[in-house]
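Every read-out reported here was derived from the displayed coordinates using simple, explicitly stated rules and does not represent laboratory data. Computed from a prediction, not measured in an experiment: that's the story for all the values here. Cβ coordinates were reconstructed from backbone atoms using ideal geometry, including for glycine residues, and neighbour counts include every protein chain displayed.
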Ligand SMILES: [Zn+2]
């Protein structure tokens, strides 16, 4: 009998590892905000994987905008406290 719980836990890691080792190339994504294509480079993939971050859904420009907005919101929260 196959242990499906274990399979579910180990599968995503194996898939990431496989990509990293065998399939090292730039990935192209479509930005969730502006709909433009953007490249997620091998260097960025390594960085994200090493930090345990999930794959970005937005292009660099939108990520920067989003980050700025989030920081501003945090600052507002801090001041309100
Ligand atoms: Zn974008």
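Each peptide in 24-34, 69-79 was scored by the mean count of other Cβ atoms within 10 Å over its residues; highest first, the order is 24-34, 69-79. Within region 39-75, find all residues whose amide N lies under 13 Å from a label point positioned 7 Å from the Cα of residue 24 along Cα-to-beta-carbon. Taking a point 7 Å out along Cα→Cβ of residue 24, the residues of region 39-75 whose backbone N falls under 13 Å are 42-47.
Counting alpha carbon pairs within less than 8 Å and at least 6 residues apart, what relative contact order, in whole percent, applies to region 24-80? Could the numbers behind the result be given before it?
Values: 45 pairs, mean separation 16.8, N = 57.
Worked out over region 24-80, it gives 30 percent.
Note on region 24-80: along the principal axes its Cα atoms extend 46, 27, 12 Å, ordered by decreasing extent.
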